[in-house]
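The structure appears below as structure tokens.
The values are calculated or read from the model by the stated rules, or taken from the named source; none is laboratory data. This is a predicted model, so every value here is computed, not measured. Here Cβ is always computed from backbone atoms with ideal geometry, including for glycine, and neighbour counts include all displayed protein chains. The protein model used for the area step is the full one, side chains on, heavy atoms only, and it has no ligands, DNA or RNA in it. Shrake-Rupley method; radii C 1.70, N 1.55, O 1.52, S 1.80 Å.
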Amino acid sequence: QEFLRVMRTIDDRIVHELNTTIPTASFVGKIDAGQTCKELYQSLMDAHTSRERIIKNCIAQTSSIVETLREEREKAQDDAALLKQLRKEQTKLKLMQSELNVEEVVNDRSWKVLS
């Protein structure tokens, strides 16, 4: 989650980025605003793609762990440590799944600001 927070910095600073990207009247001839906006757009696209890939990868890995622990739990139903580990991994899986929803909100907000 901390890693995702750091990766969302570009989205958090989108208004600032736009304000510094679009030149004032005195700098219109010195800065290619179109090119700078394209670069900002591409950076945003890359960030969104990377974060989504990372979240989905974490979900896949955690789902696999949960499935393995469930299978082990069926064989050893009296193992309290195994049950605790299973619950921990299930909680982690739910958190990662909720991060996909957070990602959607963050992305939508950024695209609205950019458009």
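Structure note, pairs LYS38/LYS94; LYS56/LYS112; LYS38/LYS88: Cα-Cα distances above 32 angstrom occur for LYS38/LYS94; LYS38/LYS88. These residues, VAL106, VAL6, go from largest to smallest accessible area, 1.4 Å probe, as VAL6, VAL106. Per-residue 3J(HN,Hα) values for region 53-63, derived from phi via the Karplus relation 6.51 cos²θ - 1.76 cosθ + 1.60 with θ = phi - 60°, read 4, 5, 4, 5, 5, 4, 4, 4, 5, 5, 4 Hz in sequence order (x marks Gly and Pro). Averaged over its residues, the chain has an accessible area of 69 Å² per residue, based on protein heavy atoms and a 1.4 Å probe.
For the chain, with all protein chains in place and a probe radius of 1.4 Å, 55% of the accessible heavy-atom surface sits on carbon or sulfur. A crude spin-label estimate for the pair LYS38 and ARG109, with each label 7 Å from Cα along the Cβ direction, gives 3.0 nm. In plain terms, the C-alpha convex hull of region 1-114 casts an average shadow of 7.8 nm² when viewed from every direction.
Helical content of the chain, expressed as a calculated mean residue ellipticity at 222 nm, amounts to -28500 deg cm²/dmol (DSSP H runs of 4 or more residues, -39,500 (n - 2.57) each, divided by residue number, nearest 500).
The residues LYS75, LYS112, LYS56, sorted by heavy-atom accessible surface at 1.4 Å with ligands and nucleic acids left out, run LYS75, LYS112, LYS56 from largest to smallest.
Per-residue 3J(HN,Hα) values for region 97-107, derived from phi via the Karplus relation 6.51 cos²θ - 1.76 cosθ + 1.60 with θ = phi - 60°, read 5, 5, 5, 4, 5, 4, 4, 4, 5, 4, 5 Hz in sequence order (x marks Gly and Pro). Cβ-Cβ distance of LEU82 and ALA60, R₀ of 22 Å, FRET efficiency by 1/(1 + (r/R0)^6): the value works out to about 0.50.
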